[in-house]
Amino acid sequence: MPFLELERLSKRFGEIDAARDVSLSVERGGVLAILGPSGSGKTTLLRLVAGFEGPDAGRVIGDGADVTDSSPAARRFGMVFQHYALFPHLTVFGNVAFGLEAQGVPADRIRARVQEVLRLLDLAGFESRRIGELSGGQQQRVALARALAPEPRVLLLDEPLSNLDPALRERTRKELRALISRVGITTLFVTHDQEEAFDLGDRIAVMNAGRIEQVGTAEELYESPASLFVATFVGRANVARARVEAPPPAPRGVGTVDLGPVRWDAKITGAVQRGTPVTVVVRPEWLKLANGSDARALAAVVAERRYMGPAAVFAIDTATGATFEWVSDPDAARPGDRVSVAPDRPVLAFA
Amino acid sequence: MRRREVAGLLVTLLLAWLVAYPLLLTGLESVRAPGGWTLEHWARFASAAHEWRTLWASLWIAAASVVLAGAVGIPLGFVMERFEFPGRRLLGALAALPIALPPLVGVIAFLFLYGESGFVSRAVQAALGLREAPWRLRGPGAILLVHAYSMYVYFYLYTRAGLARLDASMLEAAASLGAGRWRTFTRVTLPLLRPPLVGAAILTFMTALASFSAPYIFGGGFRVMTTQIVASKLSGDLAMATVETLALAAVALAGLTALRRTGGGRDMLGSGQKGAAAAPRQLRGGLPRTLAAVAGWGIAALLLLPHATLLLVSLVPPGAWTTELLPPLLSASNYGALLREPERLRPILNSLGMAAASTIAAVTLALVAARLVVVGRVRVRGWIEGLLSAPWAMPGTVFAMALATAFSVQQPWAGRWILVGTFWILPLAYLVRSLPLTGWAALAGLRQLDPALEEAAASLGAGRWRTLTRVTIPMIGPALAAGASLAFIMTLGDFVTSIVLYTYETRPISIEILAALREFDLGIAAAYGICLTALSALAFALGERRRGERRGERRAERREAR
């Protein structure tokens, strides 16, 4: 049975649907990432779960109990805010002890618990520091410590790493992953950063315009995206127009699409018949150099080469008229070269 | 959700009853005749030449006060913010001193200093061997002198605050584009300072238009509308007093609107997120430094003279000082009298009690109202904000008259009770007058408060009360304390409202100062003035201390961030 369940949650702000019929579930101890562009409604969803907003329809269920009408305080969901929302008038100790004090925990137990959490987050000795005296990374850890101290049932993270500079972000992400698995807490977090979602989430829900487009593992999202939005939002994607040549024998099966100069096998999503216009998505690393006589070979001219170390990213002007990105060996081609490329697996197509 | 809207409506009704209703009743009163309606009072007003003269006097005195206060305050602000010289910090603080001097106390200090038998007049008279005092401190000139002294502070503080927020890189950008010092000043600095300077002008205009103490004491035959209203009321012509009140209110609103128009739009100083103010320029060389120091200390002496005079006069026992240049005998007997004699102590206790009660009520009401506006975002939030600010746009005399009109009748069904002549009318008037200061403080504090902080407290299990007392109030405390201390100071030294509404039992310090002056108990009047000033300064310091703490914290944060 899922530990945290969102059942058909909807929320409108005036004309804008911030959440439309959102259903999601997280197993006990699981980590679900909600990934979406800004304005997709992911923060609203997190606020609905935390109880800062009330849904227009739908339910939030925690550990089998309906908490939709419970106050944020009664839910016992810990939250880490995007800008941390640490209390600047309190010390580190005061911040971390705040939730325990609100629960009426005796002073000696508060002291012990705060010490324990601070040790867990590598903050021992920082008790009497003021918030303004901490670096960004330390503030982030205090925010986590504060949320974890009262032993919440669920941990909610709003863009937990977005306020850190890139160098610190990667290290903190590793620490955060280790911490979540050590504490074993059910976690829901939102991010617009795909790498963060892939790295931290057991499963990832892709959100767009208030709707959940797909829920799955990182691999499922990348290899078998359920919609054109997911295909282009997650990972790099080359996009071209095509027509269906041969519909797949079964829904989401492999058929053939006609791009003009070539015909490729494609996993087709949506109801199609012969001649239906579709959008084709090809990952840059799926393209391989091909023999010009191969029927699947697409002719192209190399317009640009960007050297990245182990590989190079080429911009190639293809015979379809579209410019593709192609990832290959750094020595595969030079700008101005004429090349032929073909995908090493069925491409993706969406009606 | 619905409960919040109901609360919003209730608060709007309460504020409307306190603020708008008395003005409305005053309007009705001005067109009422026994058993019907009449325009007779308005006609009487319109056909009386002296009424128009008085209205015009109010207007030009206010405009001239703006010009004079700006001429003193703006250069002083530039000097203190842009140049470094010995004693700059102390002088900078001293220059803000007049703000802590209650209007009536400032006026009597000027009387003791520059009045016909004041120190300076006597000194000049003795030095030149004149038979009479060299000048008479009377009429518009005297009023403007007092206004310039007490109101330049607005321009001074606003100029300094504006310059402190002016990003130095803008000046550097102008310089690198080839602009000289003068061009940078006229094309960059002044345009950017325009909004704060217009703000100071509005503040000065409204204060000068509402000014009562200076015209009352120094006006002589020269009347402005505030003194005219009180005179009409005292002479029993209540209908004329209500018409005059409305005329003054109309001038105040018109002036406020006109000045807002020239506002130069948005405040652009805050638009650059980063950047620091230009560092003050070190004055080099012996001569400039000496000149700066001499000028600085000269200004300081001028600023401190009224306070010093007041202190000196307060130490002169009754009857001990007649024709000598300096008093022959000093003692603390006046202060002893204030503390020993219950009837002399009573005004001090009255003022403290009423100011404290009205400030607490005003802060509470402001906090409730501001929360409904900022956090609750209730539908009537525009009304709530407007009603909170409205008393600021009205001279104190206007509100005093309006409250006197509204609460001199027993009509519980119409929300009117007889409060005039009772204890309650003055604290109520003080409360209304305190609403803008406490309201703005609460609104500004809550608007700057990151809503995530309250949410964080809630998600950590804190209930409403705990969130309010442990997070919200500590966070907006400094802003609230500053607003409360200003409201407390204003009501503690209030003269203009009190003179219309006081009763003998509830007479505040200002009324007692006036009574002492009338009886030529100058020492007693000065001792009251010193007490009032000291209490005001104490309240000001308490309010500022809370803000100072926060400023210190922010500075530490900024240092850390670098």
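Worth pointing out:
- Ratio Rg/Rh [Cα only; Rh per Kirkwood] for the protein assembly as shown: 1.10
- Minimum 50 Å² accessible area buried by the other protein chains, the stretch B:460-486 residues, probe 1.4 Å, relative to alone: B:Leu460, B:Arg466, B:Arg470
- When the Cα positions of B:Ser498, A:Val60, A:Gln138 are compared along the charge dipole of the protein assembly as shown, B:Ser498 comes out farthest toward the positive end, with charges on each C-beta of Lys, Arg, Asp and Glu.
- Between the stretch A:258-283 and the stretch B:420-454, the Cα center-to-center distance that results, in Å: 68
- For the stretch B:455-516, the solvent-accessible area of protein heavy atoms averages 29 Å² per residue (probe radius 1.4 Å; ligands and nucleic acids excluded).
- Accessible area in square angstrom per residue, the stretch A:146-231, 1.4 angstrom probe: 40
- Shielding score for A:91-102, defined as the mean number of other chain Cβ atoms within 10 Å: 3
- Against chain A, whose longest principal axis comes from its Cα atoms, helix A:136-148 is set at around 70 degrees.
- B:Trp56/B:Ala534 FRET efficiency (R0 51 Å; Cβ-Cβ; nearest 0.05): 0.85
- For the stretch A:133-198 versus the stretch B:382-414, the gap between their alpha-carbon centres in whole angstrom: 54
- Under Karplus coefficients 6.51, -1.76 and 1.60, residue-wise ³J(HN,Hα) of the stretch A:67-74 in Hz, glycine/proline x: 10, 3, 9, 7, 6, x, 4, 6
- Aspartates and glutamates with Cα under 20 Å of A:Lys174, excluding same-chain neighbours fewer than 8 positions away: A:Asp122, A:Asp158, A:Glu159, A:Asp165, A:Asp193, A:Glu195, A:Glu196, A:Asp199, A:Asp202, A:Glu219
- Longest site-free stretch - chain B; sites: GluC sites (Glu not before Pro), DSSP loop, at most 15 other Cβ within 10 Å: B:133-323
- Förster radius 41 Å - calculated FRET efficiency between A:Asp21 and A:Val183 (Cβ-Cβ, nearest 0.05): 0.80
- Size check on chain B: the Cα extents along the three principal axes, sorted descending, read 74, 67, 51 Å.
- Phi-derived couplings, Karplus 6.51 cos²θ - 1.76 cosθ + 1.60 at θ = phi - 60°, listed residue by residue for the stretch B:5-16: 5, 4, 4, x, 5, 4, 5, 4, 4, 4, 5, 5 Hz, with x used for Gly and Pro.
- Considering only beta bridges that DSSP places wholly inside the protein assembly as shown, some 70 percent are antiparallel.
- Total buried accessible area between A and B, probe 1.4 Å, nearest 100: 2000 Å².
- Heavy-atom accessible surface of the stretch B:48-285: percent carbon and sulfur, 1.4 Å: 63
- Simple spin-label estimate for B:Ala93 and B:Arg284 in nanometres, 7 Å along Cα-Cβ: 3.0
- Peptide A:83-90 is shielded by partner chain Cβ atoms: per residue, an average of 6 of them sit within 10 Å of its Cβ.
- Separation of the B:Gln411 and B:Ala49 label points, Cα + 7 Å toward Cβ, nm: 3.9
- The convex hull built on the alpha-carbon positions of the stretch B:48-285 has an orientation-averaged projected area of 17.4 nm².
- ³J(HN,Hα) computed for each position of the stretch A:2-11 - Karplus, 6.51 cos²θ - 1.76 cosθ + 1.60, integer Hz, glycine/proline x: x, 8, 10, 10, 10, 10, 6, 6, 9, 8
- Per-peptide packing, taken as the mean over residues of other Cβ atoms within 10 Å, places A:112-119, B:63-70 in the sequence B:63-70, A:112-119 from highest down.
- The residues of the stretch B:48-285 expose, per residue, 46 Å² of accessible area to a 1.4 Å probe.
- For the pair B:Ala231 and B:Val294, a Förster radius of 60 Å applied to the C-beta separation gives a FRET efficiency near 0.85, rounded to the nearest 0.05.
- Lysines with Cα under 26 Å of A:Lys288, excluding same-chain neighbours fewer than 8 positions away: A:Lys267
The values are calculated or read from the model by the stated rules, or taken from the named source; none is laboratory data. Nothing here was measured: the structure is a model prediction, and the numbers come from that model. Note that we place each Cβ from the backbone using ideal geometry, even for glycine, and neighbour counts take in every protein chain shown. Just the protein is used for accessible areas: all its heavy atoms, side chains included, with ligands, DNA and RNA removed. Shrake-Rupley method; radii C 1.70, N 1.55, O 1.52, S 1.80 Å.
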